[in-house]
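Peer 1: Here you go, one structure.
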Amino acid sequence: MQPGGSVDSVPLDADVSTGVEETASNEKGGSVNGPEIRSTCNMDDIEAEFHCHVVDENNEDYYNKPDPIRCKRYNAQMPKESGFRRSTSTCLELIRNAMLRHRWQEAAELMSSYMQMLEDTSVSKQLMACEIIWRLGTEILQHHPNAKQEDFDMFYQSIKNVRVNNYLKISLDHSFHLMLTGHMEDACRQLSNAQNWRYGNLSSVQLNLKKVIHAYCGYLQYLIWYSKKSKASGAENDSGSDHEMHSYFRQASVTLQEVLEQPGVWDPFVLSYVEMLEFYNDLEKAESVLKNYAYNERFPVNPNAYVYLYEFLKRHDAPQNKQLEILKILQTLVPSHELMLEYCNILLGTGLHDDLRKALTVVMDLLEYTSWKQNVDAWEHLNEIMEHLGNGHCLGEWESRKNLWLSLHFTSYHARKDAILSVKLVDVKIKFLTPLIKNYQEYTTAAYRVKKRKGKNGSQGYKASANTGKKKK
Amino acid sequence: MDEELTDGYHEPCPQCLSVDWGVSDAGQFFCRFCHNVIERVLLYEDAELLSTSSRVSSLSRASIKKRRELHRNWIVIEGFQFVLLHQAEALVSMGVCSQFKDDILYNFWKRYLQATNQAYTRAPLCYGEVEAVSDFTSESECPSELSFQSEPSLRGRRKRTASGSSGSVVSSGSMDGSSYSKRKSGDFMTMPRTLALCYLALLWVREGITLSDLLRFASEKHLPYINVHEYFPEEMTVFGRDCQYFKVESIPSYSHVHKDILKLARIMKLPAFPPVTPDCLLHPSLLSLRYLVELNLPDELHHWLCKVIKQANMAEQALLTFDYSKRPIGTSHFSYDLQACALIIVTMKLLFRLDDSKEWKLSKIADFADPDAKQYSLAFWHTTMHKALVLARKREKLHTANQQWKSSKPFILSERNKSVFLKRRRVVEYLQTRFQKLSGQAVETEPTKPSSFIFLWGDGEDSDGPSLHCQKLDCNLKKRRQTQLCANKKYWHPLLRPCNPT
């Protein structure tokens with residue numbers, strides 16, 4: 001998430017249910033998909049919110065039509081707007097046009113004229129003005145060629161104190177900006193200032209924000225620790241920097257521990273905490289944290305939690321039954337997860353009959369998903385399981401799914417598609433199908449035809465074969 | 001204790017821009033809002049000086065006295081008087097004769113005050129114990145030459161009693177701020193009415209400034225209108241209820257000011273104005289000439305326009321001269337600028353019919369004519385005008401967007417919110433300078449000079465297009481016998497008969 005939230009980008013309006021939603025992708029210090037913070041104004045609907053008339057300057061009628069504001073006499077339905085309001089709304093329209101056309105110099109000049117909106121006597125308009133100026137101002141500063149870091153700092157400092165409701169959000173925005181430009185310590189300092197801030201009664205939104213701020217404080221401490229660690233491992237052992245590193249570890253662990261006790265989705269924070277604990281070889285603690293994250297009922301259901309726990313156990317060579325347990329839960333949650341094949345492998349490895357049957361159901365469930373339909377590995381696994389189990393046991397499973405599978409995987413259309421994709425896939429599928437159904441010609445003949453064409457025409461095979469395939473039918 | 005110690009220090013805090021200083025135990029200055037500690041330290045000597053009681057008391061007494069000297073009691077009418085004064089000075093500096101300010105406007109103002117019983121009467125309708133009004137210290141004349149009843153102006157310490165409420169709550173800077181609007185409605189002075197009064201005075205002096213020009217000058221800030229309280233002297237503090245009289249958030253519309261003009265004329269019972277003679281700039285023939293130049297139309301058109309004026313009897317003195325008591329019943333509007341524009345349109349319609357076919361045919365003839373003959377072609381005029389108009393509209397839009405309505409002396413509506421307003425103003429100014437620095441803009445751009453004309457036609461670099469003033473209308477005319485006639489024979493209005501060309 002870009003700090004400040006750009007005009008045409010994403011998510012500033014999502015719901016915050018119990019905690020903070022975050023996606024699973026998390027590289028260390030890299031692209032962090034930040035939390036989606038509820039905002040008072042929906043930036044995506046800028047026209048409706050800011051009452052802009054969307055004026056198309058390319059439309060000739062715009063200039064030939066009589067100006068609606070002037071013709072007050074002729075058009076009584078036009079709402080009466082004071083000169084001040086008209087100035088500010090025109091200004092906003094011009095700023096919007098300049099920004100959409102990437103004319104940043106012009107936008108900056110117009111923005112300086114727009115500042116007078118902050119002195120509007122109407123409370124609602126002034127609230128809106130603060131928000132607009134904050135978001136558009138940061139956007140302009142980001143793209144303007146002459147903008148420096150101190151401009152950002154000054155801007156954030158000034159705009160923070162204009163209205164008390166926005167203080168926390170803007171602090172968070174400021175620290176994100178600092179984080180993304182590499183000033184970790186400044187970001188951390190900003191967040192700790194924000195944590196100590198308090199004004200009157202805190203609303204629920206602000207309480208949520210405070211949680212987020214607390215979490216990011218911990219995360220920043222982790223990031224600083226990480227950078228120090230990589231520096232320390234590269235350079236010679238310097239006790240001073242090591243000491244700093246350890247102190248950051250202590251701060252980070254305290255903060256993150258507090259954060260992780262609260263229900264929510266804290267994926268990157270969990271991973272960072274676990275990584276730190278692994279570095280210091282505190283494996284029990286790490287395992288307990290992950291288990292709490294996965295199994296605690298107060299936390300929302302999160303498949304990633306199980307993934308993390310499984311990977312941790314795998315890394316540290318935990319016994320297989322533990323791994324199986326976790327994968328079993330994962331399978332119920334997300335049957336199409338990429339770890340399912342691994343699950344199958346483990347189950348095949350045990351050799352127990354029950355496990356093989358379980359593996360069969362797992363793989364068949366998996367293959368019902370579009371993303372796995374054309375996956376050769378999955379089909380091969382299926383064949384392997386079939387071999388081990390024997391036909392008799394598989395038939396039962398097959399009967400219940402037969403109708404679905406025939407139309408899902410084994411029509412002539414699929415034959416053509418699969419043949420184009422990979423010959424191996426076709427072979428594997430045919431190998432699967434033959435013992436189960438006699439005289440099912442549709443798939444096999446179509447596939448055979450395509451293969452023949454492919455063989456004949458070489459690289460130009462498939463276009464021609466697709467046509468002829470159709471014709472022959 | 002802290003206020004006394006930090007009394008002299010009013011710099012805004014570098015972090016949060018508020019001015020709310022306290023002194024810690026160690027003597028360091030800290031901001032009470034964001035707890036930012038700055039380097040300034042209270043010197044031991046200062047503290048020692050201030051700790052003795054005599055010093056402290058003398059300090060406070062001195063500051064209060066200073067504040068009291070700076071403040072003086074004033075009433076709303078005085079404020080409007082200042083406004084009119086400054087507007088008149090601005091107009092005089094733009095080229096209006098000085099008679100306008102010293103004689104005419106001043107007399108109109110006094111007449112208005114007398115007519116509405118606000119001054120120059122035996123029993124002025126002011127509140128409280130104020131005896132007479134109108135402080136003329138800034139205007140040198142005394143009211144001797146007029147035949148009005150007048151009281152000599154008294155100025156001295158007047159008792160400050162707020163009407164109704166107890167004396168401790170100060171709701172306005174002026175003395176009658178809360179009660180001024182409770183007068184009989186229609187009588188009190190408002191900001192648009194200052195413009196109306198100026199216009200009446202200009203009309204009396206027969207200057208060439210029309211009402212639309214006046215409004216344009218106000219919008220371009222050549223005429224003080226938008227933040228007039230900046231012109232008030234320091235002793236007159238505009239505060240609280242006064243703001244409703246002096247605060248403007250938009251330039252009033254033409255019709256609004258026009259209505260005010262008629263109202264004022266009624267209130268003041270003005271006699272017949274000096275007649276508008278053909279040499280006066282407001283006369284339709286001269287005013288329309290000005291508009292013809294502005295519109296880049298050929299000068300020959302003026303000849304036809306005068307014919308139209310004669311035929312329509314628009315040059316009659318009675319119709320042109322403003323006389324409220326004798327105005328024709330049924331017409332409430334009386335505007336020279338609109339009349340001139342209407343005349344131009346009618347003349348063009350008579351010459352070109354303007355029914356979207358005849359004028360293009362005539363322009364084609366002109367286009368194919370010899371270029372040396374310089375024939376006027378409406379099509380060519382239309383394209384040049386259109387280009388210039390598009391650019392002018394863009395300029396105007398930019399001007400509207402950049403117009404600053406809030407002044408550096410913010411209007412403070414109540415004591416409670418004073419710090420909030422001041423702080424906001426500081427933040428706004430700070431952010432403005434920062435963004436301006438960012439874009440490399442000069443902080444003070446050269447203000448444009450006031451001008452009656454918006455477009456500039458000619459061959460220069462700044463011009464909006466080529467000048468068509470010297471072009472001839474021969475293609476649109478036919479010779480019959482000795483006189484020239486219009487090529488267009490039909491009147492554009494379908495219901496009216498074809499006019500007989502004369």
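Peer 1: How big is the range A:338-407 along each principal axis, measuring the range of its Cα positions in Å and listing the largest first?
Peer 2: For the range A:338-407, the Cα spread along each principal axis is 33, 28, 14 Å.
Peer 1: A further question follows. State the volume of the convex hull built on the alpha-carbon positions of the range A:153-196, expressed per residue in Å³ and rounded to an integer.
Peer 2: Dividing the Cα hull volume of the range A:153-196 by its residue count gives 55 Å³.
Peer 1: Based on C-alpha coordinates, I'd like the Rg and Dmax of the range B:399-439, in Å.
Peer 2: 12.2, 37
Peer 1: Also, I was wondering about something else. Taking the Cα centre as origin and putting +1 on Lys and Arg beta-carbons and -1 on Asp and Glu beta-carbons, what dipole magnitude results for the range A:131-253, to the nearest 20 debye?
Peer 2: Numbers: 13 positive and 12 negative charges, 112 e Å.
Once rounded to the nearest 20, the dipole reads 540 debye.
Peer 1: Applying the Karplus parametrisation 6.51 cos²θ - 1.76 cosθ + 1.60 with θ = phi - 60° to the phi angles of the range A:126-132, what ³J(HN,Hα) value in whole Hz is obtained for each residue in order, glycine and proline being reported as x?
Peer 2: 6, 4, 4, 4, 4, 5, 4
Peer 1: How long are the semi-axes of the equivalent ellipsoid of the range B:193-306, taking √(5λ) for every eigenvalue λ of the Cα gyration tensor, in whole Å from largest down? Write out the running numbers ahead of the final one.
Peer 2: Numbers: eigenvalues 226, 65, 26 Å².
Sorted largest first and rounded, they come to 34, 18, 11 Å.
Peer 1: Hey, with R₀ at 35 Å, roughly what FRET efficiency would A:Asp427 and A:Val301 work out to, going by the Cβ-Cβ distance, to 0.05? Show your work: numbers first, answer last.
Peer 2: Numbers: r = 40 Å, r/R0 = 1.14.
Efficiency at R0 = 35 Å is approximately 0.30.
Peer 1: Moving on to the next point. Sort A:Tyr343, A:Tyr199 by accessible area with a 1.4 Å probe, largest first.
Peer 2: Details: A:Tyr343 5, A:Tyr199 125 Å².
Largest accessible area first, the list is A:Tyr199, A:Tyr343.
Peer 1: So what are the ³J(HN,Hα) numbers for the range B:363-372, from phi and the Karplus equation (6.51, -1.76, 1.60; θ = phi - 60°), rounded to whole Hz, Gly and Pro as x?
Peer 2: Ordered by residue, 3J(HN,Hα) equals 5, 4, 4, 5, 5, 7, 6, 4, x, 5 Hz.
Peer 1: Once R0 is set to 45 Å, what does the formula 1/(1 + (r/R0)^6) return for the Cβ-Cβ distance between A:Thr411 and A:Ser288, expressed as a FRET efficiency to the nearest 0.05? Don't skip to the end; give the middle numbers.
Peer 2: On the way: r = 51 Å, r/R0 = 1.14.
So, using R0 = 45 Å, E works out to roughly 0.30.
Peer 1: Given the Cα-Cα distance of A:Asn201 and A:Lys231 and 0.36 nm per residue of separation, how much length would full extension add, in nm? Can you show the working numbers first?
Peer 2: Values: separation 30, 0.36 × 30 = 10.80 nm, distance 4.36 nm.
Here the answer is 6.4 nm.
Peer 1: Cα convex hull of the range A:140-289: mean projected area in nm², to one decimal?
Peer 2: Working: hull surface 43.7 nm².
Directional mean of the projected Cα hull area for the range A:140-289 stands at 10.9 nm².
Peer 1: Each label point is 7 Å from the Cα along the Cα-to-Cβ direction; what then is the distance between the points at B:Arg290 and B:Lys361, in nm?
Peer 2: 3.8 nm
Peer 1: Further question on the same structure: State the answer as a single residue: which of B:His399, B:Tyr376, B:Ile365 lies farthest towards the positive end of the charge dipole of the range B:327-430, with beta carbon charges of +1 for Lys and Arg and -1 for Asp and Glu, about the Cα centre.
Peer 2: B:His399
Peer 1: Further, regarding this structure: Counting each pair of different Cα atoms once, what's the Kirkwood radius of the range B:249-329 in Å, rounded to one decimal? Working shown, then result.
Peer 2: Details: mean 1/r = 0.0674 Å⁻¹.
Taking every pair of different Cα atoms in the range B:249-329, averaging 1/r and inverting gives 14.8 Å.
Peer 1: Any idea what the dipole of the range A:340-456 comes to, in debye rounded to 20, about its Cα centre with Lys/Arg Cβ at +1 and Asp/Glu Cβ at -1? Can you show the working numbers first?
Peer 2: Working: 17 positive and 14 negative charges, 210 e Å.
So the magnitude is around 1020 debye.
Peer 1: At R0 = 35 Å, how high is the FRET efficiency between A:Val254 and A:Val164 if r is their beta carbon distance? Nearest 0.05 is fine.
Peer 2: On the way: r = 29 Å, r/R0 = 0.82.
With a Förster radius of 35 Å, E is 0.75.
Peer 1: Sticking with this one: Please name whichever of A:Val212, A:Leu271, A:Ile224 sits farthest to the positive end of the charge dipole of the range A:204-282, dipole taken about the Cα centre and charges placed at Cβ: Lys and Arg +1, Asp and Glu -1.
Peer 2: Farthest along the dipole direction, towards plus: A:Val212.
Peer 1: Note down the relative contact order for the range A:171-264 as a percent, whole number, built from C-alpha pairs under 8 angstrom at least six residues apart. If you can, show how the numbers build up before the last one.
Peer 2: Values: 71 pairs, mean separation 25.3, N = 94.
With pairs under 8 Å counted, the relative contact order is 27 percent.
Peer 1: Under a no-solvent Debye model with one identical scatterer per Cα of the range A:264-330, what's log10 I(q)/I(0) at q = 0.21 Å⁻¹?
Peer 2: -0.84
Peer 1: Non-local amide H neighbours of B:Thr321 (under 5 Å, H modeled in plane, Pro and chain starts lacking H): which ones?
Peer 2: Sorted by chain and number, the residues that satisfy this are B:Val276.
Peer 1: Another question about this same structure. Per residue, how big is the convex hull around the C-alpha atoms of the range A:305-382? Give it to me in cubic angstrom, could you? Before the final figure, lay out each step's value.
Peer 2: Values: hull volume 6.7 nm³, N = 78.
So the per-residue Cα hull volume is 86 Å³.
Peer 1: Among the listed pairs B:Lys247/B:Lys418; B:Lys269/B:Lys310; B:Lys259/B:Lys449, give every one whose C-alpha distance is greater than 27 Å.
Peer 2: Working: B:Lys247/B:Lys418 16 Å; B:Lys269/B:Lys310 32 Å; B:Lys259/B:Lys449 29 Å.
Cα-Cα > 27 Å for B:Lys269/B:Lys310; B:Lys259/B:Lys449; rest within.
Peer 1: Oh, and also: For the range A:225-264, what is the charge dipole size about the Cα centre, in debye to the nearest 20, if Lys and Arg each add +1 at the Cβ and Asp and Glu each add -1 at the Cβ?
Peer 2: Rounded to the nearest 20 debye, it is 100 debye.
The values are calculated or read from the model by the stated rules, or taken from the named source; none is laboratory data. Here the structure is a predicted model, which means the values were calculated and not measured. A quick note on method: Cβ atoms are made from the backbone with ideal geometry, for glycine too, and the neighbour counts reach across all protein chains shown. Just so you know, the surface numbers come from the protein's heavy atoms only, side chains and all, with ligands and any DNA or RNA stripped out. Shrake-Rupley method; radii C 1.70, N 1.55, O 1.52, S 1.80 Å.
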